[in-house]
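Enquirer: Take a look at the following structure, please.
The values are calculated or read from the model by the stated rules, or taken from the named source; none is laboratory data. None of the values given here were measured: they were computed from a predicted structure. Positions of Cβ are backbone-derived with ideal geometry, glycine not excepted, and every protein chain shown enters the neighbour counts. Each accessible area value is taken on the protein alone, full model and side chains, heavy atoms only, with ligands, DNA and RNA left out. Shrake-Rupley method; radii C 1.70, N 1.55, O 1.52, S 1.80 Å.
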Amino acid sequence: MKQDPICKKKVEEDTSFQQEYDGKTYYFCSSECLKTFNEMKKSVIRLKRSLDEKKRVSFGKLNKDVIKPGICTLCGACAASCESIAIKGKRPRIVGPCTSCGVCYNQCPRTITTEEELVGKLRFAYSAKSLLPRHNGQDGGAVTALLAYGLEEGLIDCAVVTTHSKDQPWKPVAIIAEDRAQVLESSGSMYSHSMTMEQLMQAIQQGMRSIAFVGPSCNIDAVHKMQRSPYGFLHLFMRANVLRLGLFCMDTFSYEGIKEFVETHGMRLADIDAMKIRKGKFEFEQAGQISRFSLSEFDEYRSSSCKFCTDMAAENSDISFGGVGTPDGYTTVFARSSIGYEIFNEAVENGFLEARALEDYEMDRVLNLARMKKVQMYGVNRRSKKT
Ligand code: SF4
Ligand code: SF4
Ligand code: SF4
């Protein structure tokens, strides 16, 4: 006996309702099921043709990204779109040849297949660089240049930024910057949390009404919530325009943890000139020498919330900035809102920044990192089940 692939009824092998497709014979209980199959077949062929090369992945990828991590909802969309998949033993399984056409992966509600799902909505993506005579910002210094433009043109009253503590080396401290010198001081990355929201509230209480706020995705989310929630402070009481400038972020670590690590390895935070996370390594630069350590060595110091965070690209910001994607010395910039797009382009036209369109291969690098961030939580869940 054979099974009708449409209604799943058992049918005799000598039925007159038969159809060859992709080197295999299919058997049907009726002309209706045969007709449905032929219509579906045409749609699948059309779909397979329209999927571009990059999206043609095998069932193995669906298994790796969705089924194995335990996030399959058993919706059956994969099995419904391919004869070679069947739901057996409470999971989709491959039961026939896989041609790596990618159709099943692109039906599954748990896969991430579009740019917007990875990095959020954006108007335009750039590679940019500061044209300010002095900037010590990591990568292209685009945030610093944009803030300098905003302050000098009177578009913003101040900027809430993070700078180095005067007493504790490499301890991040949030400040309200009101001129270019203060903004320049704040450039360069640090990898611990700072209390930016307190400074935003203070700036508003001091009467600032147009404020640029710089922070990683989670801080941008806080501002966004306060602006958009019906009970949000910025929505209800504190009428101020806040321009959200988000920083790409993969992780942060406790300040005490970084300090302990550095000292255990014979260094002092006071002697470190620069810190950078690059290609899975934490780099510490000291008198021209760079010491590199695997990021996994910092696992115990990683902020617990970062393990559950899925937003690498600060999706709720007006403009997002990051070091990944573009070459060293440049910043990847995503202009998202209309105000963000306008201010960024004005800063370019007025000679504070140079910018070009982000190339596709550069965007792919950003998307790869964003994908890692989106799916890391599944790995965390799996690890925590094992322990
Ligand atoms: S042949 Fe079937 S199992 Fe293989 S990728 Fe295509 S839809 Fe998925
Ligand atoms: S489409 Fe995705 S979620 Fe639905 S059954 Fe298949 S693997 Fe599971
Ligand atoms: S990884 Fe996420 S939660 Fe952690 S600091 Fe960055 S944006 Fe915030």
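Enquirer: Are any residues in region 296-322 among the hydrophobic types (A, V, I, L, M, F, W, C) and touching a helix residue (DSSP H, G or I) at 6+ places or on another chain (Cβ under 7 Å), and if so, which ones? It would help to see each step written out before you state the result.
Expert: Filtering region 296-322 for residues among the hydrophobic types (A, V, I, L, M, F, W, C) gives 298, 306, 308-309, 312-314, 319, 321.
Selection gives F298, F308, C309, M312, A313, A314, I319, F321.
Enquirer: In region 168-178, which residues are open to solvent by less than 30 Å² (accessible area, probe 1.4 Å) and over 12 Å from M275 (Cβ atoms)?
Expert: A174, I176, A177
Enquirer: Still on this model: Quick one: is K64 part of a helix (DSSP H, G or I), within 12 Å of ligand 2 (Cβ to nearest atom), open to solvent by 30 Å² or more (accessible area, probe 1.4 Å) and out of contact with any helix residue (DSSP H, G or I) (no Cβ under 9 Å at 6 or more places or on another chain)? Full working, then the answer.
Expert: Values: part of a helix (DSSP H, G or I): yes; within 12 Å of ligand 2 (Cβ to nearest atom): yes; open to solvent by 30 Å² or more (accessible area, probe 1.4 Å): yes; out of contact with any helix residue (DSSP H, G or I) (no Cβ under 9 Å at 6 or more places or on another chain): yes.
For K64, the condition - part of a helix (DSSP H, G or I), within 12 Å of ligand 2 (Cβ to nearest atom), open to solvent by 30 Å² or more (accessible area, probe 1.4 Å) and out of contact with any helix residue (DSSP H, G or I) (no Cβ under 9 Å at 6 or more places or on another chain) - is met.
Enquirer: Here's another thing I want to ask about it. Taking the options A148, A142, A128, A181, name whichever one is surrounded by 15 or more Cβ atoms within 10 Å (Cβ to Cβ) and more than 20 Å from the chain's Cα centre (by Cα). First the steps, then the outcome.
Expert: Values: A142 fails: more than 20 Å from the chain's Cα centre (by Cα); A128 fails: more than 20 Å from the chain's Cα centre (by Cα); A181 fails: surrounded by 15 or more Cβ atoms within 10 Å (Cβ to Cβ).
Result: A148 is the single residue among A148, A142, A128, A181 that is surrounded by 15 or more Cβ atoms within 10 Å (Cβ to Cβ) and more than 20 Å from the chain's Cα centre (by Cα).
Enquirer: In region 288-311, which residues are farther than 30 Å from T264 by Cα and open to solvent by 30 Å² or more (accessible area, probe 1.4 Å)? Steps first, please.
Expert: The initial filter retains those residues of region 288-311 that are farther than 30 Å from T264 by Cα, namely 310-311.
Residue satisfying the conditions is T310 alone.
Enquirer: Looking at (1) closer than 25 Å to V44 by Cβ; (2) open to solvent by 20 Å² or more (accessible area, probe 1.4 Å); (3) of a type in the set (G, A, S); (4) within 15 Å of ligand 2 (Cβ to nearest atom), find the lone condition where G70 falls short.
Expert: The one condition G70 does not meet is (1).
Enquirer: What are the residues in region 74-93 that are part of a loop (DSSP other than H, G, I, E, B), open to solvent by less than 30 Å² (accessible area, probe 1.4 Å) and in contact (Cβ under 8 Å) with a residue 24 or more places away in the chain, if any? I'd like the intermediate steps shown before the answer.
Expert: So in region 74-93, the residues part of a loop (DSSP other than H, G, I, E, B) come out as 74-76, 82-84, 89-90.
The next check asks that each one be open to solvent by less than 30 Å² (accessible area, probe 1.4 Å); those that pass are 76, 84.
S84 - this is the single residue of region 74-93 that is part of a loop (DSSP other than H, G, I, E, B), open to solvent by less than 30 Å² (accessible area, probe 1.4 Å) and in contact (Cβ under 8 Å) with a residue 24 or more places away in the chain.
Enquirer: Let me confirm something: among C78, C104, C72, which residue is farther than 18 Å from F37 by Cβ, modelled with pLDDT of 90 or more and under 28 Å from the mean Cα position of the chain (by Cα)?
Expert: Of the residues listed, the single one that is farther than 18 Å from F37 by Cβ, modelled with pLDDT of 90 or more and under 28 Å from the mean Cα position of the chain (by Cα) is C72.
Enquirer: Just wondering, is there one or more residues in region 343-355 that are surrounded by fewer than 19 Cβ atoms within 10 Å (Cβ to Cβ), more than 15 Å from ligand 3 (Cβ to nearest atom) and within 19 Å of the chain's Cα centre (by Cα)?
Expert: No, every residue in region 343-355 fails to be surrounded by fewer than 19 Cβ atoms within 10 Å (Cβ to Cβ), more than 15 Å from ligand 3 (Cβ to nearest atom) and within 19 Å of the chain's Cα centre (by Cα).
Enquirer: From G329, G280, grab the single residue that is surrounded by fewer than 17 Cβ atoms within 10 Å (Cβ to Cβ) and either aromatic (F, W, Y) or not assigned by TED's automatic domain parsing to the domain that holds A128 (or both).
Expert: Values: G329 fails: either aromatic (F, W, Y) or not assigned by TED's automatic domain parsing to the domain that holds A128 (or both).
Unique residue meeting the criteria: G280.
Enquirer: Out of (1) open to solvent by 20 Å² or more (accessible area, probe 1.4 Å); (2) of a type outside the set (F, W, Y); (3) within 20 Å of the chain's Cα centre (by Cα), what's the single condition that is false for A314?
Expert: (1)
Enquirer: Wholly within region 189-259, which helices (runs of 4 or more DSSP H) include no fewer than the required count, namely at least 1 residues that are among the polar types (S, T, N, Q) and closer than 27 Å to I272 by Cβ? Spell out how you get there, then give the answer.
Expert: On the way: elements: 196-205, 217-228, 233-236.
It comes to 196-205, 217-228.
Enquirer: Select, from S217, S229, S210, the only residue that is of a type in the set (S, T, Y), surrounded by fewer than 14 Cβ atoms within 10 Å (Cβ to Cβ) and at pLDDT 85 or above.
Expert: Values: S217 fails: surrounded by fewer than 14 Cβ atoms within 10 Å (Cβ to Cβ); S210 fails: surrounded by fewer than 14 Cβ atoms within 10 Å (Cβ to Cβ).
None of the other options fit; the residue is S229.
Enquirer: Just one of H235, H224 is open to solvent by 20 Å² or more (accessible area, probe 1.4 Å) and touching a residue at least 12 places away in the same chain (Cβ under 8 Å); which is it?
Expert: On the way: H235 fails: touching a residue at least 12 places away in the same chain (Cβ under 8 Å).
Exactly one residue qualifies, and that residue is H224.
Enquirer: Also: Any residue in region 104-133 that's on the phi > 0 side of the Ramachandran plot: show its pairings with residues that are open to solvent by 30 Å² or more (accessible area, probe 1.4 Å) at Cβ separation under 6 Å, as long as the two are six or more apart or on different chains.
Expert: G120/E315
Enquirer: State all residues of region 94-124 that are within 18 Å of I67 (Cα to Cα) and open to solvent by 80 Å² or more (accessible area, probe 1.4 Å); if no residue qualifies, say none.
Expert: Across region 94-124, the qualifying residues are P109, R110.
Enquirer: S127: within 16 Å of ligand 2 (Cβ to nearest atom) and hydroxyl-bearing (S, T, Y), yes or no?
Expert: Working: within 16 Å of ligand 2 (Cβ to nearest atom): no; hydroxyl-bearing (S, T, Y): yes.
For S127, the condition - within 16 Å of ligand 2 (Cβ to nearest atom) and hydroxyl-bearing (S, T, Y) - is not met.
Enquirer: Looking at region 12-27, which of its residues are open to solvent by less than 50 Å² (accessible area, probe 1.4 Å), closer than 25 Å to C98 by Cα and modelled with pLDDT of 90 or more? Steps first, please.
Expert: Going through region 12-27, the residues open to solvent by less than 50 Å² (accessible area, probe 1.4 Å) turn out to be 15, 19, 21, 25-27.
After this cut, where a residue has to be closer than 25 Å to C98 by Cα as well, the list is 19, 21, 25-27.
None - no residue of region 12-27 is open to solvent by less than 50 Å² (accessible area, probe 1.4 Å), closer than 25 Å to C98 by Cα and modelled with pLDDT of 90 or more, so the list stays empty.
Enquirer: When you look at G329, is it at pLDDT below 95, touching a Gly at 6+ places or on another chain (Cβ under 7 Å) and more than 16 Å from ligand 1 (Cβ to nearest atom), yes or no? Talk me through it step by step, then tell me what you get.
Expert: On the way: at pLDDT below 95: yes; touching a Gly at 6+ places or on another chain (Cβ under 7 Å): yes; more than 16 Å from ligand 1 (Cβ to nearest atom): yes.
In short, yes.
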